[in-house]
Amino acid sequence: MRIDMIISLVGFRGSGKSSVAPLLATRLGMKFVDVDQEIELRAQQTISEIFANQGEEYFRKLEAETIHVFYQSDNLIVATGGGAILNPQTQTLIQNSGPVVWLQADVQATVERILKDDHDGSPRPALTDLDFQQEVKTLLEQREPIYKAVSNIQIDTATQTPDQITDRIIQYLEVSHRGKQ
Ligand code: S3P
């Protein structure tokens, strides 16, 4: 299957975008980028440092710019950061560039994954003044309608491994590709 477009992975923090992107890239023989990692490279700071030093607004600007640069190419898998879809231009860009996959998980699974990830790596910055569980619940409620609106397929990741999620995405791509032939 040849895919001359950008496959975007969207979803909340801890939904598995960064784990699935390289697996999907290997299976499809495509390149992938992780927008958060690219931002850290460009800024020479971790995401938490950017939030602490320059603030969220500056981070969102960098995020939108980084996305804009990558969406000039094709044949690419992009793992977006969880809040990237808040930007209306980004919404349009990803929807016009190819299939958008929403990796979805409930509050409990999301909380557990983020806590585990942050324990294993560098902790993510807080996005509100709410306590952590409440922040996840509130932001998921706000963002789910946007993830739903921008995506072509929604995959429940709470009970599936990254390999199973990758299989499911490939199955979807094959079916939609066949439908277009
Ligand atoms: C954010 C999610 C993070 C990162 C930043 C903001 C968000 O990306 O971009 O901390 O607003 O949900 P991940 O979804 O890769 O953790």
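Between 0 and 90 degrees, rounded to the nearest ten: what's the tilt of helix 162-180 against the longest Cα principal axis of the chain? Here the helix axis deviates by roughly 40 degrees. In segment 11-76 the Cα-Cα distances spread across 10 Å bins starting at 0 as 19, 46, 30, 5 percent of all pairs.
Using the Cα centre of the chain as the reference point, and only Cβ charges (+1 on K/R, -1 on D/E), how large is the resulting charge dipole? Debye, rounded to the nearest 20.
Working: 17 positive and 25 negative charges, 143 e Å.
Charge dipole, the chain, about its Cα centre: 680 debye, nearest 20.
Between the helical axis of 107-120 and the longest alpha-carbon principal axis of the chain there is an angle of about 70 degrees. Segment 106-141 and segment 1-78 have their alpha-carbon centroids 19 Å apart. Once the chain from residue 148 to residue 122 is taken as fully extended at 0.36 nm per residue, the excess over their C-alpha distance is 6.5 nm.
Be a star and scan segment 25-54 for residues whose amide nitrogen sits under 16 Å from the point 7 Å along the Cα-to-Cβ vector of residue 172. Answer for segment 25-54: 25, 28.
What relative contact order, as a whole-number percentage, does the chain give when Cα pairs under 8 Å and 6 or more residues apart are counted?
Values: 244 pairs, mean separation 59.6, N = 181.
Value for the chain: 33 percent.
Each residue of the chain gets 112 Å³ once the volume of the Cα convex hull is shared out per residue. Peptides 38-48, 71-81 ranked from most to least packed by the mean count of surrounding Cβ atoms within 10 Å: 71-81, 38-48.
At R0 = 35 Å, how high is the FRET efficiency between residue 159 and residue 72 if r is their beta carbon distance? Nearest 0.05 is fine. Walk me through the intermediate numbers first.
Working: r = 37 Å, r/R0 = 1.05.
FRET efficiency, residue 159 to residue 72: 0.45.
Read the figures in this text as sums done on the coordinates, not as results from a lab. As the structure is a prediction and not an experimental result, all values here were calculated from the model. Every residue, glycine as well, gets a Cβ built from its backbone with ideal geometry; the counts of neighbours run over all protein chains shown.
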